[in-house]
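Following: one structure in structure tokens, then a few remarks.
Each value in this text was obtained by applying a stated rule to the coordinates, not by laboratory testing. Bear in mind the structure is a predicted one, so any value in this text is a computation, not a measurement. FYI the Cβ positions are ideal-geometry reconstructions off the backbone, even for glycines, and counts take in every protein chain you see.
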Amino acid sequence: MTKKYPYHHPNMSDRFFNKLIKENEKSRLENYIPPKEGTKKIDSTGYVYVYTGKAWRKEHFVVMEKEKKNSKYPHPIIHHVNLDKTDNRKKNLYLCNHKKHWVAHGSLNELTKELMKKNIVVFDKKIGKYEINSNIKLGVNK
């Protein structure tokens with residue numbers, strides 16, 4: 001048996017251990033109080049989840065649910081236009097298929113190349129990130 005729990009003693013029988021775990025989980029489930037509907041949390045990948053009263057769902061799925069049902073794509077993807085996974089306003093969400101989603105992300109690579117040629121974007125090897133070149137002044141369009 002692989003050691004699933006840190007407190008599983010090698011001399012403890014698997015049968016006894018499994019019974020202990022089942023009782024522990026049953027007790028935990030009996031005392032479970034579900035969150036209020038509309039409660040939000042952010043997962044480790046940066047997506048916002050919202051509790052719908054029945055389950056936790058990605059917020060951008062909930063926001064675009066009607067559009068997804070009426071979509072011409074069999075497996076629609078929801079793209080965050082400004083790349084901020086926590087910005088789930090409808091105007092920031094783009095419904096597309098896998099190919100169009102890759103095109104959208106690929107266009108960022110092309111845009112970055114152009115901005116690097118113009119020395120607007122630089123790559124800092126010390127931190128391993130692309131950044132706006134702090135040595136240039138950018139004009140602001142009004």
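Of Ser71, Ser27, the sequence from fewest to most neighbouring Cβ atoms within 10 angstrom is Ser27, Ser71. In straight-distance terms, cross-link reach from Lys117 covers every one of the aspartates and glutamates whose alpha-carbon lies under 15 Å from its own, apart from those fewer than eight places away in the same chain; here that gives Glu131.
Counting only Cβ charges, +1 for Lys and Arg and -1 for Asp and Glu, the dipole size of the stretch 60-132 around its Cα centre is about 160 debye. For Thr39 and Leu83, FRET efficiency with R0 = 35 Å and r from the beta-carbon atoms, rounded to 0.05? Result of the calculation: an efficiency of 0.90. For the stretch 42-106, applying the loop criterion from DSSP together with a ceiling of 14 other beta carbons within 10 Å to the GluC sites (Glu not before Pro) yields no site. For the stretch 55-82, the residues whose amide N sits under 16 Å from a probe point set 7 Å from the Cα of His105 along the beta carbon direction are 76-82. Sorting Leu108, Leu93 from the fewest to the most surrounding beta carbons within 10 angstrom yields Leu108, Leu93. Compute for the stretch 60-132: radius of gyration divided by Kirkwood radius, i.e. Rg/Rh, restricted to C-alpha atoms, rounded to two decimals. Computed over Cα atoms, the ratio is 1.10.
Remark: for residue pairs Lys69/Lys99; Lys58/Lys99; Lys40/Lys125; Lys41/Lys68, the C-alpha separation exceeds 27 Å in Lys40/Lys125. The trypsin sites (Lys or Arg not before Pro) of the stretch 25-127 that meet both conditions, a loop assignment by DSSP and at most 15 other Cβ atoms within 10 Å of the site Cβ, are Lys36, Lys54, Lys72, Arg89, Lys118, Lys125, Lys126. Anisotropy class assigned to the stretch 28-100 is prolate, per the alpha carbon gyration tensor with a/c at or over the 1.5 cut-off and a/b larger than b/c.
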